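Undergrad: I have a structure I would like to understand better, so I am pasting it below and will then ask my questions one at a time.
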Amino acid sequence: MSEDKLVLDFKSEVDKVTSSAFLSAKGGDDNWNKLLVDYNVIPLTQSEKESLFNSQMKITKGAFPIELRRVLEVVIYKYAALNNPLLNSELSKFNMESKILEYYQKIKPFAGMGDIFKNASNSSLTKYSQGLQNEKQMTVKCKNCGAPREEEMQYDNCLFCGSKLFETNK
């Protein structure tokens with residue numbers, strides 16, 4: 001198989017998986033669950049889905065971003081095993097974080113103008129009202145999708161999109 005064909009196959013499979021996630025019903029459906037089985041990915045439990053449905057991170061349609069991430073990780077692993085130089089170059093350029101964020105932008109509810117003005121108000125309060133910031137409460141948020149950390153002792157990955165919550169120095 002030619003190197004160009006492998007790169008095209010990889011991109012096509014990523015697009016197919018992402019499209020399947022997008023076209024599924026809110027939180028996934030039978031077709032999405034079949035795809036998860038085909039890729040040997042364990043789906044979220046019903047309680048995990050309920051927790052995400054009730055979180056601040058809302059979706060209007062499609063599978064949850066963390067499940068899409070898990071499938072894309074399998075796709076990348078599958079193609080990396082082929083150990084092809086051109087394909088490896090393409091895989092090294094693949095940005096999982098931006099792919100998941102792009103997907104989330106498509107499935108989240110439209111914020112509307114009210115949220116834009118609310119956000120502007122909150123950011124100017126933070127920037128200019130130093131005297132009002134004496135509270136010691138801070139929410140750790142995912143750097144990729146913005147989801148708040150659900151559990152105080154959660155230090156690994158975002159429960160919503162699967163990104164690492166904290167950077168580690170090597």
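Undergrad: Work through the residues other than Val71 whose Cβ is under 14 Å from its Cβ and net out their charges, Lys, Arg +1 and Asp, Glu -1.
TA: +1
Undergrad: Kindly state, to the nearest 0.05, the FRET efficiency for Lys5 paired with Tyr77, given R0 = 22 Å and r defined as their beta-carbon distance.
TA: Result of the calculation: an efficiency of 0.70.
Undergrad: If each residue's Cβ is checked for other Cβ atoms within 10 Å, how do Tyr77, Tyr103 rank with the fewest at the top?
TA: Listed from fewest to most nearby Cβ atoms, that is Tyr77, Tyr103.
Undergrad: Which ordering of Ile107, Ile100, Ile42 is given by a fewest-first count of other beta-carbon atoms within 10 Å?
TA: Ranked by crowding around the Cβ, least crowded first: Ile42, Ile107, Ile100.
Undergrad: What ranking, highest mean first, results for peptides 81-89, 17-25 when packing means the other Cβ atoms within 10 Å averaged over each residue?
TA: Ranking, from highest mean packing down: 17-25, 81-89.
Undergrad: What net charge do the residues around Leu86 carry, taking every other residue with its C-beta under 15 Å from that of Leu86, with Lys and Arg at +1 and Asp and Glu at -1?
TA: Charge balance near Leu86 sits at -1.
Undergrad: Same structure, new question: Ranking Phe110, Phe94, Phe160, Phe166 by Cβ neighbours within 10 Å, fewest first, what do you get?
TA: Lowest to highest Cβ neighbour count: Phe110, Phe166, Phe94, Phe160.
Undergrad: Further question: Greater than 29 Å separation of Cα atoms is the criterion. Which listed pairs, Lys34/Lys141; Lys26/Lys141; Lys99/Lys141; Lys58/Lys99; Lys11/Lys61; Lys5/Lys58, meet it?
TA: Lys34/Lys141; Lys5/Lys58
Undergrad: What list of ³J(HN,Hα) couplings, whole Hz, do you get for the range 32-37 from phi and the Karplus terms 6.51, -1.76, 1.60, once you set θ to phi - 60° and write x for glycine and proline?
TA: 5, 5, 5, 4, 4, 5
Undergrad: Around Leu165, which amide H atoms from residues at least 5 apart in sequence, or from another chain, sit under 5 Å from its own amide H, with H modelled in the peptide plane?
TA: It is Asn157, Cys158, by chain and number.
Undergrad: Let me check I've understood the local charge: for Asp9, count other residues with C-beta under 12 angstrom from its C-beta, Lys and Arg +1, Asp and Glu -1. What total comes out?
TA: -1
Since every read-out is calculated from the coordinates, none of them should be taken as a lab result. Just so you know, these numbers come straight off a predicted model, no measurement behind them. Because the Cβ atoms are built from the backbone with ideal geometry, glycine has one as well, and the counts that use them run over all protein chains shown.
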